[in-house]
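The values are calculated or read from the model by the stated rules, or taken from the named source; none is laboratory data. Remember, predicted model here, so these are calculated numbers, not experimental data. Cβ sites come from the backbone with ideal geometry, for glycine too, and all protein chains shown count toward neighbours.
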Amino acid sequence: MIHRLVLATTLLAVSSGAAAADGASLFSENCVACHQEGGVGTPGLAPPLVSDTLKKAGSVERDYVPLVIIHGLSGPIKVKGQLYVSAMPPRADFSDDDIAALANYVEADLNGLKASPLAGTDVAALRTATVDHQTLRDMRSKLGE
């Protein structure tokens, strides 16, 4: 009886989102080494994630941030007048919920975007997209610097 109760409680927690991913924790564990605390970036290595471009991406091109997390990004991009030529590794190994939580953290917490949060189901749909790094840079260039 107790075994069933524990199992039922665990399944309910997972299905209700109580075990939802925490974007801030995921960022601290996986992204802060390059993008630094608060997403301020590392000059010459990793661009800041606090930028007008990502604010605009969150409201105009919602797929951009989760696609970059899934596929990574390499090649030249410009942020706040500084050129970055480096490579972010793809993180397709993250769960859909983790990617959604990270994207929501970057868009809402770091950039103040007030929009409906992405869900794991949104990310699951994006995984089927064939996207290369040039396509991601082209998406970014349409958003401004």
Have a look at S141, S116 and point out the one that is out of contact with any helix residue (DSSP H, G or I) (no Cβ under 9 Å at 6 or more places or on another chain), within 17 Å of G23 (Cβ to Cβ) and of a type in the set (G, A, S). S116
Specify which of the listed residues (V68, V85) is within 16 Å of A46 (Cα to Cα), surrounded by 13 or more Cβ atoms within 10 Å (Cβ to Cβ) and not charged (D, E, K, R). V68
Report, by residue number, each residue of the stretch 70-104 that is among the polar types (S, T, N, Q) and not in a loop (DSSP other than H, G, I, E, B). S74, Q82, S86, N104
Can Y105 be described as in contact (Cβ under 8 Å) with a residue 60 or more places away in the chain, under 18 Å from T128 (Cα atoms) and of a type in the set (F, W, Y)? no
Yes/no for D96 being modelled with pLDDT of 95 or more and not polar (S, T, N, Q): yes
Among residues belonging to the stretch 121-133 that are out of contact with any strand residue (DSSP E or B) (no Cβ under 7 Å at 6 or more places or on another chain) and part of a helix (DSSP H, G or I), point out the one that is surrounded by the most Cβ atoms within 10 Å (Cβ to Cβ). V123
